Every structure is written in C-alpha cells, then in structure tokens.
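The next block holds one structure in the form of structure tokens; read it before the comments.
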Amino acid sequence: MSLLPIVTLPDEKTLREVSKPVAGIDSHVKKLWDDMLETMYRAPGIGLAAIQVGVPQRLLVIDLSKDGEVKLPLFVANPEITWESDARSDYEEGCLSIPEYYEMVTRPAEVKLRYLNRQGEHAEMHATGLLATCLQHEIDHLNGVLFIDHISRLKRERVIKKFQKAQKLGKL
Ligand code: GNR
Ligand code: NI
C-alpha cells in the first residue's frame, strides 16, 4: 500500500471537480481504495473521497472505529442517496482538505443509499449518527461540494482567503 498526498485548499480546481462513476470493481479500484484507507488512517481521518487524492472517481472509504479498536473499513463506489430523513442533525465537521478548520453543519440525520461494495455487488445501507454525517460529507466531495458550502458565505470566503494567502506566502 502507499500513502498518497492529500489535496487541500486553495486547490479548488481539483476539489470542485465532479467525479465520474466507476464501471465496476477491478484491481485498480481495490488498490486505490487500499491506498486511500492507509492515507486516511495516517492523516488521521474517519473518511476520504478519491478526489481528495486527486482522482475524480466516485469512490470513498470510511472507518469510524476508535484508536485501539478493531478496524472496520467501509468501501463505497458510485453511492446514490435514495432517501433522507426530515429530521436534521448538527455536527462539528472538519475536512482533511481544509486542515485545522471546524464548523457546525446541519444535515439530514439519517440517509439510505445504494452503492457498489468491494465485491462489486449492489448494496443498500441505512445510516444514522456519525456514519450518516460522514457519508453525506464524502458524497458531497464526489460532487465537488465542501462542508464550508453548508456554512455562511462570510465564513466560507474567509477560510478560502486564508488558504489562498497562506499559499502565496509559501506556507502550504
Ligand atoms: O476526518 C474527518 N472527520 C470528519 C468529522 C466530521 C464530519 C466529517 C468528517 S470527514 C473528515 C475526513 C474528510 O475530510 N473526509 O472527506
Ligand atoms: Ni472532507
């Protein structure tokens, strides 16, 4: 497995891309998932979308297990949300592509999705709690959407400018 560099702001050219569905699950997809998982564990993070390592394919990995617990990776391709609850939930989100920035985001508390699993089979899932939040955050990435798009324009523009300035000063 290999660690991959994570794309961060201000690189919106990459992070705003809309990723393409994969045709199926082959050895290349599995290798990318494995590399993404290693990269996510190392960061550390609880989720990662392929576009965050510069690959515009509709692939993501999630692992919500805590330090020292048995790892339980979830591999998802071509996810489609088929239902979302009217009930909302607030969670303080962060993103490996927006280091050291955290804000409360409101999203549907529960979602159902259809996706391709690691075996290349169609699967369905009903997610609640942090899993529902994280899945929506990752699926947003596949559509070029960042969690800062769910907060106020003032805060969003402020954080984007901060990363643009840091890059100009050679601090990224
Ligand atoms: O590691 C991550 N933590 C997190 C916390 C709250 C809501 C979403 C996330 S996902 C994030 C990793 C990441 O950037 N995935 O795209
Ligand atoms: Ni993210």
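Note on A123 and K168: the model spin-label points, each 7 Å out from Cα along the C-beta direction, lie 4.6 nm apart.
Shown in residue order for the stretch 112-121 are the 3J(HN,Hα) couplings computed by the Karplus curve 6.51 cos²θ - 1.76 cosθ + 1.60 at θ = phi - 60°: 10, 9, 10, 7, 9, 8, 4, 7, x, 9 Hz (x for Gly and Pro).
Per-residue accessible area (protein heavy atoms, 1.4 Å probe) orders M1, M125, M104 as M1, M104, M125, starting from the largest.
What net charge do the residues around V111 carry, taking every other residue with its C-beta under 13 Å from that of V111, with Lys and Arg at +1 and Asp and Glu at -1? Local net charge: -3. The residue among F163, M125, W33 whose Cα reaches farthest toward the positive pole of the charge dipole of the chain, with charges on the beta-carbon of Lys, Arg, Asp and Glu, is F163.
Only lysines eight or more places from K168 in sequence, or on another chain, were considered; those with a Cα closer than 26 Å are K13, K155. For the stretch 53-172, the Kirkwood estimate of hydrodynamic radius, built from reciprocal distances between every pair of different alpha carbons, is 15.9 Å. Close amide-amide hydrogen proximity is noted between E93 and E103, M104, V105, each under 5 Å apart and 5 or more residues distant or on a separate chain (H modeled in the peptide plane; Pro and chain starts excluded). Largest first, the residues D34, D26 sort by 1.4 Å accessible area into D26, D34. This model, with +1 at the C-beta of Lys and Arg and -1 at the C-beta of Asp and Glu, gives the stretch 60-170 a dipole about its Cα centre of some 660 debye. Can you give me the C-alpha center-to-center distance between the stretch 1-74 and the stretch 100-155, rounded to a whole angstrom? So the two Cα centres are separated by 14 Å. The alpha-carbon positions of the stretch 110-172 define a convex hull whose volume is 128 Å³ per residue. Along the stretch 86-95 the Karplus relation, 6.51 cos²θ - 1.76 cosθ + 1.60 evaluated at θ = phi - 60°, assigns HN-Hα couplings of 6, 5, 10, 9, 9, 9, 7, 9, x, 8 Hz to successive residues, with x for each Gly and Pro.
Near the amide H of V7, within less than 5 Å, lie the amide hydrogens of V53, G54, all on another chain or at least 5 residues away, with H placed in the peptide plane.
Per-residue surface analysis assigns V70 an accessible area of about 120 Å², computed on protein heavy atoms at 1.4 Å probe radius. Per residue, the accessible area of the chain comes to 55 Å² when a 1.4 Å probe rolls over the protein heavy atoms.
For the stretch 1-77, list log₁₀ I(q)/I(0) at each q in 0.15 Å⁻¹, using the Debye formula over Cα point scatterers of equal strength and ignoring solvent, two decimals each. Relative scattering, expressed as log10 I(q)/I(0), comes to -0.50.
For L154, the accessible area of its heavy atoms, probed at 1.4 Å with every protein chain present, is near 120 square angstrom.
Relative to the Cα centre, the charge distribution of the stretch 1-136, modelled as +1 at Lys and Arg Cβ and -1 at Asp and Glu Cβ, gives a dipole magnitude of about 420 debye.
Under 19 Å of direct C-alpha separation, and excluding same-chain neighbours fewer than eight residues apart, K30 reaches these lysines: K20, K71. When the surface is traced with a 1.4 Å probe over the full set of protein chains, R16 keeps roughly 80 Å² accessible. Restriction of the GluC sites (Glu not before Pro) in the stretch 115-172 to DSSP coil positions whose beta-carbon has at most 16 other beta-carbons within 10 angstrom yields E121. Of the solvent-accessible surface of the stretch 1-134, computed with a 1.4 Å probe and all protein chains present, 51% belongs to carbon and sulfur.
For the stretch 66-118, the Kirkwood hydrodynamic radius from C-alpha pairs, put into Stokes-Einstein at 10 °C and a viscosity of 1.306 mPa s, yields a diffusion coefficient of 115 µm² per second.
Scalar couplings 3J(HN,Hα) for the stretch 55-62, obtained by applying the Karplus form with A = 6.51, B = -1.76, C = 1.60 to θ = phi - 60°, are 10, x, 10, 7, 10, 8, 10, 9 Hz; x denotes Gly and Pro.
The values are calculated or read from the model by the stated rules, or taken from the named source; none is laboratory data. Owing to the predicted nature of the structure, the values given are computational and were not obtained by experimental measurement. Please note: Cβ atoms are built from the backbone with ideal geometry, for glycine as well, and neighbour counts cover all protein chains shown. Surface areas here come from the heavy atoms of the whole protein model, side chains and all, with no ligands, DNA or RNA. Shrake-Rupley method; radii C 1.70, N 1.55, O 1.52, S 1.80 Å.
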